Amino acid sequence: MTILQRSGRVLSGFDPPDIVDRLLLASVEAGIDVQMNMPLVSIERDGSGLRVRAGRKGGEEKTFGADMAVHGAGRVSALEGLDLAAGGGVETDRRGGIAVNEYLQSVSNPAVYVVGDANAKSPQLTPVAVMDAHIVVDNILGGDGRVADYSVVPSAVFTNPPIASVGLTEEKAKEKGIPYVANAGDLSGRFTNRSIGQKHAGYKILVDEDSRRILGAHLIGPHVEEVINIFALAIKHGLTVDDLTLDAIPPWAYPSNTYDIIHMVHPLARK
């Protein structure tokens, strides 16, 4: 398998040095060739296979032979059949998204409510669309009172191994001027990972230096799509790193990937 990445960085929404770089290493070890700065130029039939050309204009261009090409560049909202102009001039952007206010009403026509991929400001995730749908139903039936909050939205990529993230990355924390402490570590030696031979497992946790509240969590390894939800709850409810230590939590089930949270936060906790 060859992945043609149009830019110099894959999975830009995730922590690059400790999570994405580790995933890239796991991918390379699995035999996946990841080619950076290779935007697609063309795909042509070549006998029983395909010839895929990629590369930047004016730069190096490469040709790859393939049995199959999979489109992974994203999608646009499927709005063609809605005739938005007839519905009161609902305006869209170039990607088909609709600008909305805090109540998820179209900015250009407040009589129209927007959920799902058509909402230009929401994270494009299924559980976010479900949350938005509940907000819209309540606002239509009970009057505008509920607002959409996208401040804490966990996300996962089901790679091998999977990665997951919630809250701030170091890059975003620096942009916001938030003083923070970060702790990154390896979990491959933990029983949950050692028992299945998974050597690509780790984490990075960000904590507010002043309040000690958890700012962000970034994980790689088996079942991190489940573990990240614990960190999402912690961030949403303003828990500190000390609230997740062994002395503060109930005795979580062991061995489990959730139990490994204790080891992620221990170096950051007050002794």
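Measuring nothing but alpha carbons in the stretch 141-224 and taking Rh as the Kirkwood radius, the Rg to Rh ratio lands at 1.12.
Average 1/r across all pairs of distinct alpha carbons in the stretch 38-105, invert it, and you get the Kirkwood radius: 15.6 Å.
Taken over the chain, the convex hull of the Cα atoms encloses 186 Å³ per residue.
When Rg and the Kirkwood Rh are both derived from Cα coordinates, the Rg/Rh ratio for the stretch 97-177 amounts to 1.06. Of the trypsin sites (Lys or Arg not before Pro) found in the stretch 153-213, those in coil by DSSP whose Cβ has at most 10 other Cβ atoms within 10 Å are 176.
Only lysine pairs 8 or more places apart, or on different chains, with alpha-carbon atoms under 23 angstrom apart are counted in the chain, and they number 12.
Hey, for a label at residue 108 modelled as a point 7 Å past Cα toward Cβ, could you say which residues of the stretch 74-92 have their backbone N under 13 Å away? The answer is 83-92. Just need log10 I(q)/I(0) for the stretch 1-152 at q = 0.09, 0.15, 0.17 Å⁻¹, Debye formula, equal scatterers on the alpha-carbon atoms, no solvent, rounded to two decimals. So the normalised log intensities are -0.47, -0.92, -1.00.
To the nearest 20 debye, what is the magnitude of the charge dipole of the stretch 195-271 about its Cα centre, counting +1 on the Cβ of each Lys and Arg and -1 on the Cβ of each Asp and Glu?
Numbers: 7 positive and 9 negative charges, 27 e Å.
Approximately 140 debye in magnitude.
Taking Cα atoms of the stretch 156-271, Rg/Rh with Kirkwood Rh, to two decimals?
Working: Rg = 13.6 Å, Rh = 14.3 Å.
Rg/Rh for the stretch 156-271 comes to 0.95.
If a spin label sat at a point 7 angstrom from the Cα of residue 29 along the line to its beta carbon, the backbone N atoms of the stretch 166-194 nearer than 20 Å would be those of 184-194. Accessible area of residue 149 (1.4 Å probe, protein heavy atoms only, ligands and nucleic acids ignored): about 70 Å².
Computed over the stretch 131-177, the quotient of the alpha carbon radius of gyration and 2.2 N^0.38 Å is 1.69.
Of the solvent-accessible surface of the chain, computed with a 1.4 Å probe over protein heavy atoms with every protein chain present, carbon and sulfur atoms account for 52 percent.
The values are calculated or read from the model by the stated rules, or taken from the named source; none is laboratory data. Note that the structure is a prediction, hence the values are computed from the model and not measured. No Cβ is skipped: glycine too gets one built from the backbone with ideal geometry, and neighbour counts run over all protein chains shown. Note: areas computed on protein heavy atoms with side chains; ligands, DNA, RNA excluded. Shrake-Rupley method; radii C 1.70, N 1.55, O 1.52, S 1.80 Å.
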